[in-house]
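First the structure, in the form of structure tokens, and then the observations on it.
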Amino acid sequence: MSATSLARERFLEGLGFVPDAFQLEAIAALERGASVLVAAPTGAGKTVVGEFACAAALESGGKTFYTTPIKALSNQKHRDLIARHGVGRVGLLTGDRSIDGDAPIVVMTTEVLRNMIYAASPTLHGLRYVVLDEVHYLADRERGAVWEEVIIQLPASVQLVCLSATVSNAEDFGRWLDGVREGCEVIIEERRPVPLRHHYFVNDRVHDTFRTGRGSATPEQRARAAEALAGVPNPEVVMLERQARQSRVSARGRRVRSGPRLRWPSRPRVVEELARRSWLPAIVFVFSRQGCEDAVAELQRIGVRLTDEDEREAIAAIVDTLVADLPADDLAVLDFPRWRAALLDGLAAHHAGLIPVFKEAVEACFQRGLLKVVFATETLALGINMPARTVVIERLEKYDGESHVLLTPGQYTQLTGRAGRRGIDTIGHAIVLYQRDLDFRTVAGLVGTRSYPLVSSFAPSYNMAVNLLRRHDLAAAEALVEASFAQFEANEGVARQSARLRELELGIAGYAEHLHCASGDWGGYWDLRRRLTAAERRAESTRRRGEERARSERIAALRPGEAVMLARGQERLRAVVASVGLARSGTPFAQVVTEGRDLVRLGPRDLDAPLPTLGHVRLPESGNARQHAYRRELAARLAALEVPEGIEEGDGAPDAGGARVPTGESDHEAIDRLRERLRAHACHGCPERGEHEVWQRRHDDLADEADRLRSSIDRETGTLVRDLHRLLDVLTSLEYLERDRPEPTELGLVLAGIHSEVDLLVAEAIRRGILDGLDAAELAGVAALLLHVPRRSETSARDEIP
């Protein structure tokens, strides 16, 4: 029996449960020497395959590197593997911890492995397996390229174990892996071991998100039926939302809401309802660290307590043991008594801002079922072993560093994957709280979407460029970039476009056979037609631009306090200009108050002609036109204005709406000449001209589409290599690369060690001595500036860097 087969027998015996078919299939593929991609729902047991790779390496005397996207997951995996294999056999390498780095099993963040590869670290000797946990993270905008760098550059002798959440293009991703790793088997498991039931919490009531199979015998069957009906929103909630939009006209003539008001349930109400339904423990996702802390504090203030005495004693024992080595002064700064009191009550926050010991205590208590409610940021969704019975999402929008965006279906699935503990729960629950800015059908559409493709975020950077040339020549560096999943996706798109282009070219050739006229030169005639059409379009565009400019000038010419005659449909109203300003687009607009006290916004499109002027009204000294009292006073002053005779009947400023905006004599002369030549052409009088035109237009439509495809193919073919060369040109000009050969200079080797979105900026700061002589506090301040990721509610605000 081979070492791998022996490892499999021992591993399966030690599992303590019967493995699923997909787990056995993946293990068998590894035994055959292939790499594997395992795509399965969160909680399905993908990590069993990664743990087998660790056991197989120990049995054969080789090494396994187990990589994760975040330090918290690395720390947890390190603890799990030590519990299985013992101290000394499992190491940990993250940005801030280094334990037994030469052990046969080493857990690390993916960036650490990437850096090892670029540095040709001797630790790579004897490496048999690399587990890439949460490999779908390669779609991450900021860090995703690291996963592709690792996959492309690992030696061919290393088998990959890629573990991914369910993605809709797993087969495509697997084909790419198969090509770059010389053999990769794709194992897809779509069935979730614990079915998930989705809910919508509004107006203190929990509704099912989708129509459910109420006739089913068990709750589990109803949940499976709901999964099958995903995408059919619950009609009760649809009706509730429709009723909430109803309105009526009040006695004062104003439109007021008549339907029920939809309310966001408070956090205490949510916890109370979860406890009543026995749906605890729960994870509540709040997309800010401070929001998590505030939520715990809110429940503490009203005295929420979810634990019994035995649970409180167990929590105290865990917490006090873990913090025993921390100095009392440090604990005081960290507000330890308040934090500990919350844990004793069954409440906690979990986010990247917690110190490691606090985070470890929260995870340990939650895994033992002692904590009942944890408020967490999305980092908890990345594979950390903290399953709950219920997951609650407060908002479906999150800040991505630039703006507030709706969660993707993949992100929603990742978050709710924590719900449902295998072997404990028969059903998991996912609850979305009332979304004030999203209608329910949009929420149900997001929740019910089952298609979320994995899209590469790979792009060459300055750091990547010098590191590639540090280990490879230019041709090899180009080949590695071309081997990326990003270029694979682009090439797949090019292949589809090329197939379509071939179809178009056949169609164009077929239509071209009919483009003949017995009366004369059809090609010459059609060229005149195209030139005439282009000239007419230019003239029309010039006319419209002139008209838009004239309309804008009419708005800009208005002055605050100017009384005008405003036409609204068939009605003519007196009005006063309250203000004139510019929209964000730069378009001028005016706000006017009518004699009926209405506030009307006028833009260029509202003025076909100048507004007749009635005189001038003095504006109130304080307030603005949005205030009712201000409009009332302005309307009274307008009513007292004496209007010159004749203006009320329509006299006043001349109507320029129908005036012709000149398009340029040369345009009109060119158009007239082309029309004369067209009428004089022999083909113009052909009795079959209409049929010729039909064939010609079909030909032209296909030719235009073919031209667009050719341009797209040219852009996408070899894009990443072109990007790489642009970076190399910059690096060469700045002397980070040798001028006579593509190799890093001493400056380039400094840049090779700087892994940052602003890598070249940091390298230039070091090179020019800007950081020299800074003390520790100043250096920390500069580092914070360079690493800063803005998080604020006002997405339009800009960072100001001094």
Any hit, region 454-470, residues being open to solvent by less than 10 Å² (accessible area, probe 1.4 Å) and under 15 Å from the mean Cα position of the chain (by Cα):
yes
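Could you check region 33-63 and list, in sequence order, the residues that are of a type outside the set (Gly, Ala, Ser), assigned to a loop (DSSP other than H, G, I, E, B) and out of contact with any strand residue (DSSP E or B) (no Cβ under 8 Å at 6 or more places or on another chain)?
Residues of region 33-63 that are of a type outside the set (Gly, Ala, Ser), as a first pass: 36-38, 41-42, 46-49, 51-52, 54, 58-59, 63.
Narrowing the set further to residues that are assigned to a loop (DSSP other than H, G, I, E, B) leaves 41-42, 46.
The answer is Pro41, Thr42.
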Being open to solvent by less than 20 Å² (accessible area, probe 1.4 Å) and in a helix (DSSP H, G or I) is the requirement here; does Val284 meet it?
no
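When only residues in region 756-772 that are part of a loop (DSSP other than H, G, I, E, B) and open to solvent by less than 80 Å² (accessible area, probe 1.4 Å) count, which is nearest to Ile117 (Cα to Cα)?
Filtering region 756-772 for residues part of a loop (DSSP other than H, G, I, E, B) gives 756-758, 768-772.
If we keep only those that are open to solvent by less than 80 Å² (accessible area, probe 1.4 Å) as well, we get 756, 758, 769, 771.
On the way: Ser756: 17, Val758: 22, Gly769: 30, Leu771: 29 Å.
It comes out as Ser756.
Can you tell me which residue within region 182-195, out of those that are open to solvent by 10 Å² or more (accessible area, probe 1.4 Å) and in contact with a strand residue (DSSP E or B) (Cβ under 6 Å, 6 or more places away or on another chain), is nearest to Trp264 (Cα to Cα)? Working first, answer last.
Narrowing region 182-195 to residues open to solvent by 10 Å² or more (accessible area, probe 1.4 Å): 182-186, 188-193.
Filter once more, keeping what is in contact with a strand residue (DSSP E or B) (Cβ under 6 Å, 6 or more places away or on another chain): 184-186, 188.
Values: Cys184: 48, Glu185: 47, Val186: 43, Ile188: 38 Å.
Applying the filter and picking the extreme gives Ile188.
If a residue has to be within 35 Å of the chain's Cα centre (by Cα) and either of a type outside the set (Asp, Glu) or closer than 23 Å to Ser60 by Cα (or both) to count, how many in region 71-98 make the cut?
Residues of region 71-98 within 35 Å of the chain's Cα centre (by Cα): 71-81, 91-98.
Pick out the ones that are also either of a type outside the set (Asp, Glu) or closer than 23 Å to Ser60 by Cα (or both) and you get 71-81, 91-95, 97-98.
Summing the residues that are within 35 Å of the chain's Cα centre (by Cα) and either of a type outside the set (Asp, Glu) or closer than 23 Å to Ser60 by Cα (or both) in region 71-98 gives 18.
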Residues of region 42-101 classified as closer than 17 Å to Ser164 by Cβ, free of Cβ contacts under 8 Å to residues at least 40 places away in the same chain and open to solvent by 30 Å² or more (accessible area, probe 1.4 Å), total:
0
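Just checking: which of the strands (runs of 3 or more DSSP E) contained wholly in region 301-407 hold 2 or more residues that are surrounded by fewer than 21 Cβ atoms within 10 Å (Cβ to Cβ) and of a type in the set (A, V, I, L, M, F, W, C)? Lay out the reasoning, then the answer.
Working: elements: 347-350, 373-376, 390-393, 397-399, 404-406.
Hits in region 301-407: 404-406.
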Options Glu311, Glu360; residue that is under 31 Å from the mean Cα position of the chain (by Cα) and among the acidic types (Asp, Glu):
Glu360
Residue within region 556-569 that is part of a strand (DSSP E or B) and either on the phi > 0 side of the Ramachandran plot or exposed (fewer than 15 other Cβ atoms within 10 Å of the Cβ) (or both) present:
yes
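Which residues, counting only those in region 378-394, are within 25 Å of the chain's Cα centre (by Cα) and at pLDDT 90 or above? Let's see the steps before the verdict.
Just the residues of region 378-394 that are within 25 Å of the chain's Cα centre (by Cα), to begin with: 378-387, 390-394.
If the condition is that a residue be within 25 Å of the chain's Cα centre (by Cα) and at pLDDT 90 or above, then Thr390, Val391, Val392, Ile393, Glu394 are the ones that fit.
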Residue by residue through region 166-189, note down the ones that are assigned to a loop (DSSP other than H, G, I, E, B) and touching a Gly at 6+ places or on another chain (Cβ under 8 Å).
Val167, Gly183
Being in contact with a Ser or Thr (Cβ under 7 Å, 6 or more places away or on another chain), buried (at least 23 other Cβ atoms within 10 Å of the Cβ), part of a strand (DSSP E or B) and modelled with pLDDT of 90 or more narrows it down to one residue among Leu113, Leu163; which is it?
Leu163
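Taking the condition of being closer than 21 Å to Arg192 by Cα and open to solvent by 10 Å² or more (accessible area, probe 1.4 Å), how many residues in region 425-445 meet it?
At the first step, the residues of region 425-445 found to be closer than 21 Å to Arg192 by Cα are 425-432, 444-445.
Checking which are open to solvent by 10 Å² or more (accessible area, probe 1.4 Å) leaves us with 425-427, 429, 445.
The qualifying residues number 5.
The values are calculated or read from the model by the stated rules, or taken from the named source; none is laboratory data. Source: prediction; values computed, not measured. Cβ coordinates were reconstructed from backbone atoms using ideal geometry, including for glycine residues, and neighbour counts include every protein chain displayed. Note: accessible area is taken over every heavy atom of the protein model, side chains too, but ligands, DNA and RNA are not part of it. Shrake-Rupley method; radii C 1.70, N 1.55, O 1.52, S 1.80 Å.
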